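For reference, the structure is listed below as structure tokens.
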Amino acid sequence: MGLFEIRNPKSAIRNQLYSLFMKFAGLVLKSTLRNKRRTILTVLGLGASLFLLVTLHTVLYELQATTITAESDLRLITRHAVSIANWLPLAYKEQIRQIPGVKDVMTSHWFGGIYIDERNFFAQFADDADKLFKFYSEWRIDPAQREAFERERTAAVAGVRLFKRFGWKIGDRITLKGTFFPFDAELKLVGSFTSPNLPDEAVLVFHYDYLNEMIVKTMRTRDVAGFYVIQAESLQAVPRIAQAVDGKFRNSTAPTKTETEKAFQLTFSSMLGNVKLFIGAISAVVVFTILLVTAATMAMTIRERTAEVAILKTLGYTSGLVFTLLLAEALSIAMLGGLLGCGGAKLLYSTVDLQQLTGGWIIQLRVQPEGLALGMVLAAVIGTAASAVPAFRACRMPIAEALRHVG
Amino acid sequence: MNKALIEVDHVEKVFRRDSNEVRALDGISLEVAEGDFLALMGPSGSGKSTLLNLVAGIDRPTGGRLRVLDVEPARMSESQLARWRNEHIGFVFQTFNLIPVLTAFENVELPLLLTRLARAERQRRVQTALRLVGLEDRAEHYPRQLSGGEEQRVAIARAFVADPTLLLADEPTGDLDAHSAEEVLEIFARLNRELGKTVLLVTHDARAARHAGRVLHLDKGVLVDQPEK
Ligand SMILES: Nc1ncnc2c1ncn2[C@@H]1O[C@H](COP(=O)(O)OP(=O)(O)O)[C@@H](O)[C@H]1O
Ligand SMILES: [Mg+2]
């Protein structure tokens, strides 16, 4: 008995809320469809803005996305302190290897050639072929293909995404037209690999030895490296190595900058801090603009209903209930916009081949649950903020005065 | 004479806006008994709507005492008044009565949504009310699909669907042609005669007076003896 007395009121309230919702859902829904064109435009506007926001959030996420593999944490990149375009002497390789904590060093060069057409952009590296799959042990390749790659001087391997994108088959011969190198790379595709870090699957690698040979043949320089990839013995050694390497070459003609591979990728995708700030600023402007536009629309929608509010109140609806109904109406419109924007982003980015669409610049955009949640919360906040003040005003106005406004 | 449902005792209503002062009701006194059909007539601006609004508790007097159905609306809070209106008062305006996005049925159902009545019971009552005003076949029509007279009849159905004691109407025939006006007045008369509703009807339509049991004339905020006769 006692238990029931405690429990009943609660479930009674819940039932009441439920039946309240059911009773007025029709009224709210029909009200949102009152001015169909305006509602559709509001929903589309909100949807587009939230789509943009979710996209920005996802881009930011992808920029910072870490390679989850433990192997990548053990890798460091040493490059010229001035910029990646400045090359390093090949002699550094042996000197770096001597540094305590360094397990091995691999030479690497950015090729940046054009495959048929400039739009077919993808990352191309010339690496020590015998070391590639030791350094990138998270990459999975058929052992026979790996062996073929290591054996043939002009062999190349590429991620499965590139194979798919260009319809390549094993054994195909391709030409990468040199851009800052005065020669073309004539390569034979001997293997394809997969990687847990999906952007890696859009990378092509060929022999550093082949590149160096061409450099020697055509340029007045020799034995240069674009950068070095260092494999550390342990995680603890990583910071020490970075300091030691840069210390060693500080006063040389080619000072270095050594950082973890992750940090290196971030510098590659421009200054992340600035990007973040930039994206944050755009997002703020988008949110603020859509809030203003929505607020203007909601204010208009609610002002037009002054008479209706007065009628409902005359029928015995309390100001609180009318306020709730108006807010529910604005919220459903806003949430619909939210669903459209967030759902649209999720759907688009998971079905469209971005790599194809963007010519390789964007490998993938994985919309995060937090991004979707952020979008929906913003939709709710915008809906509430945009309608609360006009709804409050409309409900607070005395009935007699509201009627005079229209009558 | 039946018990007084409405007691208006030296009621005043002064509207102040900036330095302007409008004395809409100037110490007016009257009583309406249960079962009365009272027509309130008078020229525009004489204070008819003001009086009706005070009785319905949608405005408050600035002086005097007003008792309606044994309570003093002036002493009640907004939410108490809302609930009280829902239970005891049915109100019909001259225009803008119906919510345009709702069907006739849904408009009539609005007051019942505030009650604990189950859906089936609400439906039964709405249908009964619509039948009484002769619009049972228009239940699914939207206001824009109805004529002015039909709209007013839907508004009347909504006013009495919750079975209130008192029906108030502010110039309900003001926008209607003669035929529709007659239909509307006939409905009020029937509600008064057959269901025993007390009706207080504001009008400046002389025809309305024929249906009413009593006619009062208001001019410049005070009751006057019948001016034209
Ligand atoms: N809210 C208000 N503010 C100022 N004056 C008002 C207000 N409501 C009514 N009045 C004035 O009170 C007088 C009576 O108005 P009302 O009751 O509407 O007259 P009726 O309904 O008889 O035409 C008019 O002079 C009108 O201008
Ligand atoms: Mg009036």
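Some points to look at:
- For the stretch A:98-118, the set of residues classified as under 28 Å from the mean Cα position of the chain (by Cα) and closer than 25 Å to residue A:239 by Cβ consists of A:108 only.
- Residue match in the stretch B:26-37 (condition: out of contact with any Lys or Arg (no Cβ under 8 Å at 6 or more places or on another chain) and within 16 Å of ligand 2 (Cβ to nearest atom)): yes
- Considering only residues in the stretch A:219-273 that are modelled with pLDDT under 90 and of a type in the set (Phe, Trp, Tyr), the one that is most open to solvent (accessible area, probe 1.4 Å) turns out to be A:268.
- Looking across the stretch B:162-209, the residues that are open to solvent by 10 Å² or more (accessible area, probe 1.4 Å), under 24 Å from residue B:83 (Cα atoms) and assigned to a loop (DSSP other than H, G, I, E, B) come down to B:162, B:163, B:165, B:196, B:197.
- Qualifying residue in the stretch A:365-383 (condition: buried (at least 20 other Cβ atoms within 10 Å of the Cβ), of a type in the set (Lys, Arg) and more than 14 Å from chain B (Cβ to nearest Cβ)): no
- Some residue of the stretch A:207-218 being touching a Phe, Trp or Tyr at 6+ places or on another chain (Cβ under 8 Å) and open to solvent by 50 Å² or more (accessible area, probe 1.4 Å): yes
- Of A:334, A:394, A:328, A:402, all but one fail to be modelled with pLDDT under 90 and more than 15 Å from the chain's Cα centre (by Cα); the exception is A:402.
- Selection status of residue B:106, at the interface with chain A (Cβ under 9 Å from one of its Cβ atoms) and of a type in the set (D, E, K, R): yes
- Answer residue from the stretch B:49-66, given it is under 23 Å from residue A:317 (Cβ atoms) and assigned to a helix (DSSP H, G or I) and is farthest from ligand 1 (Cβ to nearest atom) among those: B:55
- For residue B:11, the criteria (1) away from ligand 1 (no atom under 14 Å from the Cβ); (2) modelled with pLDDT of 90 or more hold in every case but one, which is (1).
- Residue A:324 meets each of the listed conditions (1) open to solvent by 30 Å² or more (accessible area, probe 1.4 Å); (2) of a type outside the set (Phe, Trp, Tyr); (3) away from chain B (no Cβ under 14 Å); (4) farther than 16 Å from residue A:44 by Cβ apart from (3).
- Extreme residue, surrounded by the most Cβ atoms within 10 Å (Cβ to Cβ), among residues of the stretch B:86-103 that are in a helix (DSSP H, G or I) and facing another protein chain (nearest Cβ under 9 Å): B:86
- Top-ranked residue of the stretch B:198-229 - restricted to ones that are touching a residue at least 40 places away in the same chain (Cβ under 8 Å), away from ligand 1 (no atom under 16 Å from the Cβ) and in contact with a Ser or Thr (Cβ under 9 Å, 6 or more places away or on another chain), ranked as nearest to the other protein chains (Cβ to nearest Cβ): B:198
- Test: residue in the stretch B:42-64 that is more than 23 Å from residue A:404 (Cα to Cα) and either within 15 Å of the chain's Cα centre (by Cα) or more than 16 Å from ligand 2 (Cβ to nearest atom) (or both): yes
- Considering only residues in the stretch B:64-78 that are on the phi < 0 side of the Ramachandran plot and more than 13 Å from chain A (Cβ to nearest Cβ), the one that is most open to solvent (accessible area, probe 1.4 Å) turns out to be B:75.
- Residue check, residue B:40 assigned to a helix (DSSP H, G or I), within 15 Å of ligand 1 (Cβ to nearest atom) and open to solvent by less than 20 Å² (accessible area, probe 1.4 Å): no
- Just one of the numbered conditions (1) away from ligand 2 (no atom under 16 Å from the Cβ); (2) away from every other protein chain (no Cβ under 14 Å); (3) buried (at least 23 other Cβ atoms within 10 Å of the Cβ) is not true of residue B:157: (2).
- The residue that is farthest from ligand 2 (Cβ to nearest atom), among those in the stretch B:67-85 that are touching a Phe, Trp or Tyr at 6+ places or on another chain (Cβ under 8 Å) and in a helix (DSSP H, G or I), is B:82.
The values are calculated or read from the model by the stated rules, or taken from the named source; none is laboratory data. In this text, all values refer to a predicted model and were calculated from it rather than measured experimentally. Heads up, the Cβs are rebuilt from the backbone with ideal geometry, glycines too, and the neighbour counts pull from every protein chain shown. Ligands, DNA and RNA are excluded from the accessible area calculation, which covers all protein heavy atoms including side chains. Shrake-Rupley method; radii C 1.70, N 1.55, O 1.52, S 1.80 Å.
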